[in-house]
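Participant: Shown below is the structure under consideration.
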Amino acid sequence: MADLSNLAGLVSEPSGEIDSSVSSVSNRSLRLAEKEKRKGVADPFGLAVKYLSQVEAGTVVRGNDELERNMVRVETVALSKGLPPEVITMLLDLALSLNAGTANCTRVLKFLLPATVVPQEAIVKGVSWLCVGKMPMNAQVLFVRWVLTVFDLIDCKDDLRSIYGFIFSFVTEENLFPFICHLLYLLTMWEHVHSYRVRKLLDIQAKMGRQPFLTQLLALYKVFRPDLVTLSLPSRARTGFKNHNSTWKVALCAVQRKNKSAVLADQSLSLDVKEKPSSRKRKLHHLAIPPLSSAFDSNSNKKVFRLQELRSFKELLENIHNIELPAQMGSLLGSALALHYLDCVQDESAFLRLNFWLGHSLQEEFLLCPVDGSSDNTSEACRFLSTILFTQQFLQEGFSSTESFLYKFLSVWDGCLLRPQILDLLSDIPLMPSFYMHKLLFEPLKQLYFTSTVFFKCSVIECLNSMLVKWLTWHSVSASEGGLDISLNSNSTITMTLSGFMDSVMELVRFVGLLASEGLRLENCHVLLLNQTLAFYETVCDMFLKYSLPLIIMPPAGVFYPALFATDSISVDRLGYIMFRYRKNLTLAKKQEQQREQTFHISRNTYKEFNRNLQAMVNSMWNSWWCIPGSDIEIDKDLIALSKVAEPWCRFDLIHHPALFSYAIEFHQRTGKYWNWYMEFLFNQGFDGLNNFIQTNTGHGSTLNSQEDGQPKSQP
Amino acid sequence: MCFRRLARKLPLPVENKETRPRIDLIVFIVNLLSERSLQSVESSLAHLHSDCFLGKVCFLVTDGELRATFNNCKCAHTHFCRCVLRRVTLSVSQTADGVNAAAVRLQNILTVSAGMSPIATTALYLSSLTRCSVTSDLEED
């Protein structure tokens, strides 16, 4: 009975509120005027909502001016401020029940923009209307797309998860299939994966062929239940789920920005990712990293927490087992808190989804569409790549989708677009078997390297140096955990033995040696390039001592001699340091080989090479005799005589070397001719590398700068 | 001093043959999506002496087309496209910076081809360094 009377109350005049207030006009006119004014402002929307909530089935639509008026009122409010949750529930019900006609159904769906939150009951009701089956197909599709668009704003997804089976039943509808797949992808949890569902999906795949959305859903199923899904699926996706939110995207952004003052966000824990302004026309919105922080009143009897609601690290720790991932996985990229979660929990499904999202975005943005010249475009791309870099450095490992994107991109890159970001991303590439290195990495790099400017060459060498350091660090960390069979990062399926690892490192070092020696030739031993190369060999020379990798590779002649005869003193000093470190490494390796039966073995050629280089350097710098018969740099005596240089044989020693000559003159001007004093003076200029080299190889040197192993040499 | 000449197709007209200086580098600007462009390049290549291919020929491709080609190379000259992509190919992105960068790279190649690199390097040697010996295979593994 109470219900009927309620209904009767609803059917009564919509202006009932005004009637009741009018009755008090006679008593308090002033207060009434205020009330009237206030109500006059608030009422149109409230009235319209009330009217629309009473629209029943069978209402005439065509020519119904009142309906039209109220719709327009609600629409205006929706597009400007967004709609409160109750109104959304009501409107969704109105639209999907087709009480206001089918044309209004799509119209309402199009302006259904939430201001804060979408209550899950609305969605559940909507799905039940979908089950009734009276809606036209385009309305059904629009409804599912709308759910996908506002997915992150749904307050709680527990009810949705409990009707997973109902949603799943729609996979048989061809038109709805891609969108239902996407929705299922977002909702699936471990308990939802059953063998009958897998069978159904595989049947559909047999009929439709391999569709990207179906493959992704199956891949996610596989992550949860690998026993049920046995077919092989790619771990990276070229095409992902399309962004279905085009109809609402711009308006939703505008509404959210307006309401942003009401949104609490703890900026200290998340990177502030800027939303792009809606005024700029852009056809493809792939790069906008969706904002992660959005606050609403959290329902206390929820089972899972959304990642974007966590405000502090403490909250994360308390709820670490109940976290729900957002629909737009890309929003995790900028937030340190989200990355902490990803790192600790090592949730495979999260990584899978993130890789899919990344792969798709990178593909769409950089590979499928040409870059137009606007600086907005490039700066947005720049920011996107910087965010990926930040994430990779935070997690201390690269994503597989970034890696595959880079290989494809390198072959079409012109070496100029977004250079620092691309090179930084390149240095994050994890170890790969040596066979692939040539095909994927070296060939495109060579093409770019040899035709570009010297600064690009320097950047590439620096990038490869950084890559080598990362590989070596990874090895020294994981090798200490024992065993020769080292598997790569947790998300990769390639395992690598120690010898495979050493092969790859050797390939890389040889490649850089080639790049460096040819580059120095082409650039006339440019000082910057030489220094970058020597920085690389500073890493290489210490591979055994610092990173416990039993591999010693000497620099090629094309690098050694330009450094030895360089005209700047820094290069000469660095070379001294490098040779000093090589000697230390080789001595220790030899000692270990002799003492215990080690599994590694340094070949005789390496020792020979080192000795040759050492001889050349000591002879030039100390013995004042660089042109030894039989050495690499022997030049015919007559040719030397042609140069008409006086005393040519000592032109590269410590006094006359072009890099050090200025110091000799300065010393001579100051003090006179004392050799030991000169040595002291020279090495006080900061040439530690050279000092150590001379000390170890000739036993002479400045006593002020003692060696690393703390044995002071006495003066001869 | 560097002379640049533009030509729609080869062979160059016979009239100026005597006054023409030695040609150091031939750059083909190709639009991989346009049938006409590909046909024109293919027919011009036939007029070149085989010695030219030892480092004096270079292809310049605008990058939009290059990317699109990777995704759906439906042109009739698929095989030719792949051959083009193997030679020293410069891809130019449409920004001003990209065009500048491509110009600088062309100049570097030209310096070597003209024999003016600081330490003597032949064009053949440079082309051997930059040659892509395997076709890029973009299938996911």
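Participant: Inspect segment A:426-438 for any residue being surrounded by fewer than 20 Cβ atoms within 10 Å (Cβ to Cβ), free of Cβ contacts under 8 Å to residues at least 40 places away in the same chain and either at the interface with chain B (Cβ under 7 Å from one of its Cβ atoms) or under 29 Å from B:S117 (Cα atoms) (or both) and give the result as yes or no.
Facilitator: Within segment A:426-438 (the criterion being surrounded by fewer than 20 Cβ atoms within 10 Å (Cβ to Cβ), free of Cβ contacts under 8 Å to residues at least 40 places away in the same chain and either at the interface with chain B (Cβ under 7 Å from one of its Cβ atoms) or under 29 Å from B:S117 (Cα atoms) (or both)), the answer is no, since none of the residues qualifies.
Participant: What are the residues in segment A:94-110 that are under 20 Å from A:L153 (Cα atoms) and surrounded by fewer than 19 Cβ atoms within 10 Å (Cβ to Cβ), if any?
Facilitator: Result: A:K110, single match.
Participant: Inspect segment A:599-609 for any residue being more than 44 Å from the chain's Cα centre (by Cα), in a loop (DSSP other than H, G, I, E, B) and at pLDDT below 85 and give the result as yes or no.
Facilitator: Scanning segment A:599-609, I find no residue that is more than 44 Å from the chain's Cα centre (by Cα), in a loop (DSSP other than H, G, I, E, B) and at pLDDT below 85, so the answer is no.
Participant: Against the conditions (1) modelled with pLDDT under 65; (2) over 22 Å from the mean Cα position of the chain (by Cα), where does A:L368 fall short? Just the number, please.
Facilitator: Of everything listed in (1) modelled with pLDDT under 65; (2) over 22 Å from the mean Cα position of the chain (by Cα), A:L368 misses just condition (2).
Participant: How do the pairs read when you match residues in segment A:78-91 that are farther than 20 Å from A:K249 by Cα with residues anywhere that are among the charged types (D, E, K, R) and at pLDDT 85 or above, using Cβ under 9 Å and keeping only pairs 6 or more apart or on different chains?
Facilitator: Pairs that qualify, where the first residue is farther than 20 Å from A:K249 by Cα and the partner is among the charged types (D, E, K, R) and at pLDDT 85 or above, are A:T89/A:E121; A:T89/A:K125.
Participant: Residues in segment A:555-576 that are surrounded by fewer than 21 Cβ atoms within 10 Å (Cβ to Cβ) and within 39 Å of the chain's Cα centre (by Cα): how many?
Facilitator: Residues meeting the conditions: 4.
Participant: Taking into account only those residues within segment B:86-116 that are modelled with pLDDT of 75 or more and outside any helix (DSSP H, G or I), which is nearest to the other protein chains (Cβ to nearest Cβ)?
Facilitator: So the residue we want is B:M116.
Participant: Has segment A:442-453 got at least one residue that is more than 11 Å from chain B (Cβ to nearest Cβ) and in a helix (DSSP H, G or I)? Talk me through it step by step, then tell me what you get.
Facilitator: Here is the first cut: in segment A:442-453, the ones more than 11 Å from chain B (Cβ to nearest Cβ) are none.
Within segment A:442-453, none of the residues are more than 11 Å from chain B (Cβ to nearest Cβ) and in a helix (DSSP H, G or I).
Participant: I would also like to ask the following. If you check A:N691 against the conditions, is it within 26 Å of A:G558 (Cα to Cα) and surrounded by 15 or more Cβ atoms within 10 Å (Cβ to Cβ)?
Facilitator: Numbers: within 26 Å of A:G558 (Cα to Cα): yes; surrounded by 15 or more Cβ atoms within 10 Å (Cβ to Cβ): yes.
Spelling it out, A:N691 is indeed within 26 Å of A:G558 (Cα to Cα) and surrounded by 15 or more Cβ atoms within 10 Å (Cβ to Cβ).
Participant: Is it true that A:V22 is under 55 Å from the mean Cα position of the chain (by Cα) and either modelled with pLDDT under 75 or under 21 Å from A:F111 (Cα atoms) (or both)? So that I can check it myself, show each step before the final result.
Facilitator: Working: under 55 Å from the mean Cα position of the chain (by Cα): no; either modelled with pLDDT under 75 or under 21 Å from A:F111 (Cα atoms) (or both): yes.
When the stated conditions are applied, A:V22 does not pass them.
Participant: A follow-up question, please. Select, from A:G398, A:G373, A:G359, the only residue that is outside the structural domain of A:V147 (by the TED database), in a loop (DSSP other than H, G, I, E, B), at negative phi and modelled with pLDDT of 80 or more.
Facilitator: Details: A:G373 fails: modelled with pLDDT of 80 or more; A:G359 fails: in a loop (DSSP other than H, G, I, E, B).
Residue meeting the stated conditions: A:G398.
Participant: Continuing with this model, one more query. Scan segment A:162-205 residue by residue and report those that are under 30 Å from the mean Cα position of the chain (by Cα) and either closer than 26 Å to A:F111 by Cα or without any contact (Cβ under 8 Å) to a residue 12 or more places away in the chain (or both).
Facilitator: Answer for segment A:162-205, where residues must be under 30 Å from the mean Cα position of the chain (by Cα) and either closer than 26 Å to A:F111 by Cα or without any contact (Cβ under 8 Å) to a residue 12 or more places away in the chain (or both): A:P178, A:F179, A:I180, A:C181, A:H182, A:L183, A:L184, A:Y185, A:L186, A:L187.
Residue by residue, here is whether (1) in contact (Cβ under 8 Å) with a residue 12 or more places away in the chain; (2) basic (K, R); (3) more than 11 Å from A:K457 (Cα to Cα) holds:
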| position | (1), (2), (3) |
| --- | --- |
| A:S499 | no, no, yes |
| A:D503 | yes, no, yes |
| A:V509 | yes, no, yes |
| A:A516 | yes, no, no |
| A:L520 | yes, no, no |
| A:L528 | yes, no, no |
| A:N531 | yes, no, yes |
| A:L534 | yes, no, yes |
| A:Y537 | yes, no, yes |
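Participant: If the requirement is being at pLDDT 70 or above, crowded, with 17+ Cβ neighbours inside 10 Å, away from every other protein chain (no Cβ under 14 Å) and under 14 Å from the mean Cα position of the chain (by Cα), which of these qualifies: B:L25, B:L54, B:L45? Write out each step before concluding.
Facilitator: Details: B:L25 fails: away from every other protein chain (no Cβ under 14 Å); B:L54 fails: crowded, with 17+ Cβ neighbours inside 10 Å.
None of the others qualify; the one that does is B:L45.
Participant: Can you pull out the residues in segment B:33-42 that are more than 12 Å from the chain's Cα centre (by Cα) and hydrophobic (A, V, I, L, M, F, W, C)?
Facilitator: Scanning segment B:33-42 gives B:L33, B:L38.
Participant: Out of all the residues in segment A:643-685, which are of a type in the set (F, W, Y) and in a helix (DSSP H, G or I)?
Facilitator: Let us first name the residues in segment A:643-685 that are of a type in the set (F, W, Y), namely A:649, A:652, A:661, A:663, A:667, A:674-675, A:677-678, A:681, A:683.
Correct list: A:W649, A:F661, A:Y663, A:F667, A:W675, A:W677, A:Y678, A:F681, A:F683.
Participant: Taking into account only those residues within segment A:197-232 that are over 22 Å from A:F179 (Cβ atoms) and of a type outside the set (D, E, K, R), which is surrounded by the most Cβ atoms within 10 Å (Cβ to Cβ)? Give the steps one after another, and end with the answer.
Facilitator: Step one: filter segment A:197-232 for residues over 22 Å from A:F179 (Cβ atoms), giving A:225-228, A:230-232.
Adding the requirement that they be of a type outside the set (D, E, K, R) leaves A:226, A:228, A:230-232.
Numbers: A:P226: 10, A:L228: 15, A:T230: 9, A:L231: 10, A:S232: 7.
That would be A:L228.
Participant: For segment A:170-191, how many residues are buried (at least 17 other Cβ atoms within 10 Å of the Cβ), assigned to a helix (DSSP H, G or I) and not β-branched (V, I, T)? Let's see the steps before the verdict.
Facilitator: Our first condition is that a residue be buried (at least 17 other Cβ atoms within 10 Å of the Cβ); within segment A:170-191, this holds for A:170-171, A:176-188.
From what's left, assigned to a helix (DSSP H, G or I): A:170-171, A:177-187.
Next cut, not β-branched (V, I, T) only: A:170, A:177-179, A:181-187.
The number of residues fulfilling the criteria is 11.
Participant: When you scan segment A:349-356, do you find a residue that is at pLDDT 80 or above, within 14 Å of another protein chain (Cβ to nearest Cβ) and either within 14 Å of the chain's Cα centre (by Cα) or farther than 28 Å from A:F179 by Cα (or both), even just one?
Facilitator: yes
Residue-wise test of (1) of a type in the set (D, E, K, R); (2) over 19 Å from A:T473 (Cβ atoms); (3) away from chain B (no Cβ under 14 Å); (4) touching a strand residue (DSSP E or B) at 6+ places or on another chain (Cβ under 6 Å).
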{"site": "A:I388", "(1), (2), (3), (4)": "no, yes, yes, no"}
{"site": "A:L395", "(1), (2), (3), (4)": "no, no, yes, no"}
{"site": "A:G398", "(1), (2), (3), (4)": "no, no, yes, no"}
{"site": "A:L406", "(1), (2), (3), (4)": "no, yes, no, no"}
{"site": "A:D424", "(1), (2), (3), (4)": "yes, no, yes, no"}
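Participant: I'd like to check which helices (runs of 4 or more DSSP H) are fully inside segment A:49-167 and have at least 1 residues that are touching a helix residue (DSSP H, G or I) at 6+ places or on another chain (Cβ under 6 Å), closer than 18 Å to A:N259 by Cβ and not acidic (D, E).
Facilitator: Working: elements: A:65-80, A:85-96, A:102-111, A:120-132, A:137-149, A:158-162.
Once the helices (runs of 4 or more DSSP H) in segment A:49-167 are filtered for at least 1 residues that are touching a helix residue (DSSP H, G or I) at 6+ places or on another chain (Cβ under 6 Å), closer than 18 Å to A:N259 by Cβ and not acidic (D, E), what remains is A:65-80, A:85-96, A:102-111.
The values are calculated or read from the model by the stated rules, or taken from the named source; none is laboratory data. All values derive from a computational prediction rather than experimental measurement. Note that each Cβ is placed from the backbone with ideal geometry, even for glycine, and that neighbours are counted across all protein chains shown.
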